[in-house]
Amino acid sequence: MEISGPRGTRDILPEESYLWQKMENILHQAAQQYGFSEVRLPVFEHTELFERGVGDTTDIVQKEMYTFTDRGERSITLRPEGTAPSVRSFIEHKIFTKAQPTKWYYMGPMFRYDRPQAGRFRQFHQFGIEAFGTSDPDIDAEVMAVMVRIVKTMGISQFQLHLNSVGCPDCRPLYRERLIQYLTPFERDFCGDCKQRFHKNPLRILDCKNPGCQEAVKGHPALSDYLCDRCGQHFEQVKNTLALYGIDYVLNPQLVRGLDYYTKTAFELLLPDLGAQAAVGGGGRYDGLIEECGGPPTPGIGFAIGLERLLTAAQKQNPEAWQASYSPVDVFVVTAENEFAPDACSLLEEIRGSGMKADKDYLSRSLKAQMKFAGKTGARLVIVIGEEEKKKGYFVLRDMKLHEQRQIPADQIIDEIKSILVKPEEEQYAE
RNA sequence: GUGGGCGUAGCUCAGUUGGAUAGAGCACCAGAUUGUGGCUCUGGGGGCCGUGGGUUCAAGUCCCAUCAUCCACCCCA
């Protein structure tokens, strides 16, 4: 009881990893349907990339990064998010010289030094997409469409897409000024954090959860009233295209994403029954980020979705599809006497060669114990080899689900198990 | 970083105002069933009672510390 993994880490054991594979298949497929291609990026980067890319006023950079000095005296950070590394790769490989836009997706572990709680880990997993090189509002809607499609395909029907526009460097300063004007009388009532935010990033006060701050913010001027023409038109077009796609959304003027780089479109996917961790995914447009990171001026938009939370939500809302039940094998070969082990081995290889999952006992157990073990693996079929069978050239094929068995001539056994296992789809779903 | 809850078998938990070899269910192994799983019955293995200190004739039980874990806040995914 002394050995355990580091705080905030988690092992995904076989009964669960099977569900992750199922989820990952959905993610790959959804992204590819919309024309996104996978990039696989390193899990660590130069610390500076995140300081620049994520923004050094953010909580992520200020208190949540796993940063260390490597043996070459370089400051290295385990990636806390996927956008900055994607941007780095886009610039490094001069992808901007190719035909645009560039549509990428990624998935993998992210790291944040936070205190663990329900739905929050120090190593967690995200899926994300990035579209570089176009500021067409249609791509904003498309990015959200990918997110919504994923959630729906997972069998999640209870969710909300919150949408806002946070403006651009042309119009946000004006709004910021108005907001400061409005908030000034309330300054002394703010919580400690918001007193800081008031000077550094007053927009963040809007989504503070502190009741006192919320009260103060109630009648605040809406950012949407201060958007410049370009941002306003962009926002309208995004909403039009979303409508075209049949995607429902909730306009949320309070939505201000935590990362510094967002411009124009900002959105968040909320799930009601995840408690404190209702935010499953979020994203937005970041038209200044690529330039900020040293690339040519290039617009971009993306989102990231938390996979632990996504899976938890799916299990809650669609338990039939996401319960942990998995059979590692289709066929289990059992021997009446230990001496038939060689026959079992060659039969196994034949079954595996035909594309089915098969296994046997490796502990010299009694026939009864082998049967018991076979039952525990969840194998649909058991093949029995013994004296009689070997002499007369047949196998006993037992169907564990139907609780019945038959004698099958040795040369027909492969075809026979195939015909049982490869059944019409409704048979499999009936389980 | 702040606050709260909880640490007894692989898992879920009992354990009386401190008192004798620390229990149950599930799980695991074996047998009842001399060639067959799921049900039933019988038996078996398995506990530094999180760790360190203290109080006491005596600590799983009381006190202190520490670690782990869970939940919430901040923030996020």
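The values are calculated or read from the model by the stated rules, or taken from the named source; none is laboratory data. Keep in mind the model is a prediction, meaning the values are calculated, not measured. With ideal geometry, Cβ positions are generated from the backbone for all residues, glycine too; neighbour counts draw on all protein chains shown. Surface areas here come from the heavy atoms of the whole protein model, side chains and all, with no ligands, DNA or RNA. Shrake-Rupley method; radii C 1.70, N 1.55, O 1.52, S 1.80 Å.
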Using alpha-carbon coordinates, inclination of helix A:341-353 to the longest axis of chain A, degrees: 50 degrees
0 to 90° range, to nearest 10: angle between helix A:83-92 axis and chain A longest Cα axis: 90 degrees
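So between A:ASP11 and A:ARG115, what do we pick up on full extension, going 0.36 nm a residue minus the alpha carbon distance?
Roughly 35.7 nm would be gained on extension.
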In Å², nearest 10: area of A:ARG398 left accessible to a 1.4 Å probe: 60 Å²
Chain A: mean projected area of Cα convex hull, nm²: 27.7 nm²
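Just need the relative contact order of the stretch A:1-98 here, percent rounded to a whole number, with Cα pairs under 8 Å and 6+ apart.
Result for the stretch A:1-98 is 22 percent.
Rounded, prolate or oblate: which one fits the stretch A:208-310, using the alpha carbon gyration tensor with axes a ≥ b ≥ c (rounded when a/c is under 1.5, else prolate when a/b beats b/c, else oblate)?
Here the stretch A:208-310 falls in the rounded category.
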222 nm mean residue ellipticity, helices alone, for chain A (DSSP H n ≥ 4; -39,500 (n - 2.57); rounded to 500): -11500 deg cm²/dmol
Between 0 and 90°, nearest 10: helix A:14-33 axis offset from chain A longest Cα axis: 60 degrees
Low-density loop positions, trypsin sites (Lys or Arg not before Pro), the stretch A:20-122 - DSSP coil, at most 14 other Cβ in 10 Å: A:ARG40, A:ARG71, A:ARG74, A:LYS94, A:LYS98
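Run the numbers on the stretch A:331-429 and let me know its relative contact order in percent, using alpha-carbon pairs under 8 Å that are six or more apart.
26 percent
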Links that overshoot a 31 Å alpha carbon limit, given the list A:LYS103/A:LYS418; A:LYS372/A:LYS392; A:LYS316/A:LYS368; A:LYS360/A:LYS392: A:LYS103/A:LYS418; A:LYS316/A:LYS368
Rounded percent of accessible protein surface that carbon and sulfur make up, chain A, 1.4 Å probe: 48 percent
Accessible area in square angstrom per residue, the stretch A:331-429, 1.4 angstrom probe: 60 Å²
